[in-house]
Amino acid sequence: MAYASTAAASPGIRIPHVVMPTFRWPRLSPRTRALLMMGIMSSPCFLADTIGYCVQRLFYTADQIAERDAPDTMLSQIHKFDVACPATDAPPAEQENWAGYAARQGWPMYPRAGVRCFNPDRNLRGVVGLKVFSVACPTVVLSALDQRRWVAYAADHDWAPYPQAGAGCVDP
């Protein structure tokens, strides 16, 4: 018995040469092709994340699921706001200019952080001549248990205490 790989083909058998058809791809712009490729390449990632989360959730205990679904009540008792202060090395005229600008905008002054510091209603980070930082303070007087939870919460997030702003305030 001879195998096909060892059998010699007879010269009388001729296989006609068939030209393979050429398929024309639709003409797409480079931007469309790039978006198409990004969609094709990223869709498995989204599916894998969703499937992985479903599998992971199968192994959660009831307490873990309840903990994930429970709202964070600590942040509901906290007021977080920005404070802006003119740079200390700025000339007094510029510091007065910032204080006047804050008054014209209706922003309340925040003397606890510094003499000319104010509480803007929008983010001023990156403005030259201003030092902007955030402060988080309890909105109400916390009970002893809530105070301990707040201190632990701030420590877990590596927030430094900021006693100038008030009791229990931190610099997140």
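The values are calculated or read from the model by the stated rules, or taken from the named source; none is laboratory data. These numbers come from a predicted model, not from an experiment. Neighbour counts are summed over all protein chains in view; Cβ atoms, including those assigned to glycine, are modelled from backbone coordinates with ideal geometry. Surface areas here come from the heavy atoms of the whole protein model, side chains and all, with no ligands, DNA or RNA. Shrake-Rupley method; radii C 1.70, N 1.55, O 1.52, S 1.80 Å.
Listed by position, the helices (runs of 4 or more DSSP H) contained in the stretch 1-96 that have at least 1 residues being open to solvent by less than 100 Å² (accessible area, probe 1.4 Å), of a type in the set (D, E, K, R) and modelled with pLDDT of 80 or more are 30-58. Scan the stretch 130-166 for residues that are under 22 Å from residue 84 (Cα atoms), of a type in the set (A, V, I, L, M, F, W, C) and exposed (fewer than 11 other Cβ atoms within 10 Å of the Cβ) and the total you get is 1. Within the stretch 99-107, does at least one residue satisfy the condition of being open to solvent by less than 50 Å² (accessible area, probe 1.4 Å), without any contact (Cβ under 8 Å) to a residue 12 or more places away in the chain, assigned to a helix (DSSP H, G or I) and not acidic (Asp, Glu)? Yes, that holds for at least one residue. Scanning the stretch 111-126 for residues that are open to solvent by 50 Å² or more (accessible area, probe 1.4 Å) and either in contact (Cβ under 8 Å) with a residue 12 or more places away in the chain or of a type in the set (Lys, Arg) (or both) yields 112, 116, 121, 122, 123, 125.
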